[in-house]
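Peer 1: So that we are looking at the same thing, I have put the structure below in structure tokens.
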Amino acid sequence: MSNYLVAMEAAWLVRDVDDIDDAIGVAVSEAGKRLNDQDKEYVEVEVGATTCPACGEPFDSAFIAANTALVGLLLEIDVFNADSEEHASRIAKSEVGGALRDVPLSVIEVVETEEDAHERDDRDE
């Protein structure tokens, strides 16, 4: 069993906004509130980044049209004792998806993390 950091992208819709910064603030705040309401405060929420096709530089994943914004959020969660990367992905999507119903989620990266020294010491005894 291994521990993993799972990064997911979420598509968050924000209505009645005129400014990108406001849309990002509302999206991060609403997602955080919904996760906290479901006791999922261990999920990190921040605005995602999109790479510019022309220059290759990253910029905030947010677009406004007709006072409605689509904000790409980056959600990160630590998954402990998973059998594989695929298992960690399923656990993460289940945990986050349950709190963020009707929000499209996509796993973008799964990284195996180091177990801490305390866990190794316990196993060696």
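The values are calculated or read from the model by the stated rules, or taken from the named source; none is laboratory data. Owing to the predicted nature of the structure, the values given are computational and were not obtained by experimental measurement. So basically every Cβ, Gly included, is an ideal-geometry build from the backbone, and we count neighbours across all protein chains shown.
Peer 1: Which numbered condition in (1) farther than 20 Å from E9 by Cβ; (2) at pLDDT below 95; (3) out of contact with any strand residue (DSSP E or B) (no Cβ under 8 Å at 6 or more places or on another chain) is the only one that A66 fails?
Peer 2: Status for A66: all satisfied but (2).
Peer 1: If you take the residues of the range 54-67 that are part of a strand (DSSP E or B) and not β-branched (V, I, T), which of them is nearest to A99 (Cα to Cα)?
Peer 2: Looking at residues that are part of a strand (DSSP E or B) and not β-branched (V, I, T), I get A62.
Peer 1: Looking only at the range 1-49, filter to residues that are among the hydroxyl-bearing types (S, T, Y) and out of contact with any strand residue (DSSP E or B) (no Cβ under 6 Å at 6 or more places or on another chain); which one of those is farthest from V107 (Cα to Cα)?
Peer 2: Among residues in the range 1-49 that are among the hydroxyl-bearing types (S, T, Y) and out of contact with any strand residue (DSSP E or B) (no Cβ under 6 Å at 6 or more places or on another chain), the one farthest from V107 (Cα to Cα) is S29.
Peer 1: Output the strands (runs of 3 or more DSSP E) that fall wholly within the range 1-53 and possess 2 or more residues being out of contact with any helix residue (DSSP H, G or I) (no Cβ under 8 Å at 6 or more places or on another chain), or say none.
Peer 2: On the way: elements: 2-15, 44-47, 49-51.
The qualifying strands (runs of 3 or more DSSP E) are 2-15, 49-51.
Peer 1: Out of all the residues in the range 41-66, which are buried (at least 19 other Cβ atoms within 10 Å of the Cβ) and either without any contact (Cβ under 8 Å) to a residue 12 or more places away in the chain or farther than 18 Å from A23 by Cα (or both)?
Peer 2: Hit for the range 41-66 is V43, nothing else.
Peer 1: Would you mind stating whether V79 is outside any helix (DSSP H, G or I) and either under 22 Å from V6 (Cβ atoms) or β-branched (V, I, T) (or both)?
Peer 2: Values: outside any helix (DSSP H, G or I): yes; either under 22 Å from V6 (Cβ atoms) or β-branched (V, I, T) (or both): yes.
Yes, satisfied.
Peer 1: Name the pairs whose Cβ atoms lie under 8 Å apart, with the first residue in the range 67-83 and at positive phi, the second part of a loop (DSSP other than H, G, I, E, B), and 6 or more positions between them or separate chains?
Peer 2: These pairs meet every condition: N67/D16; N67/V17; N67/D18; N81/M1.
Peer 1: Give all pairs with beta carbons closer than 7 Å in which a residue from the range 1-28 that is closer than 23 Å to E41 by Cα meets a residue that is assigned to a strand (DSSP E or B) and aromatic (F, W, Y); count only pairs at least 6 apart in sequence or on separate chains.
Peer 2: Taking only residues 6 or more apart or on different chains, the pairs are N3/F80; A27/W12.
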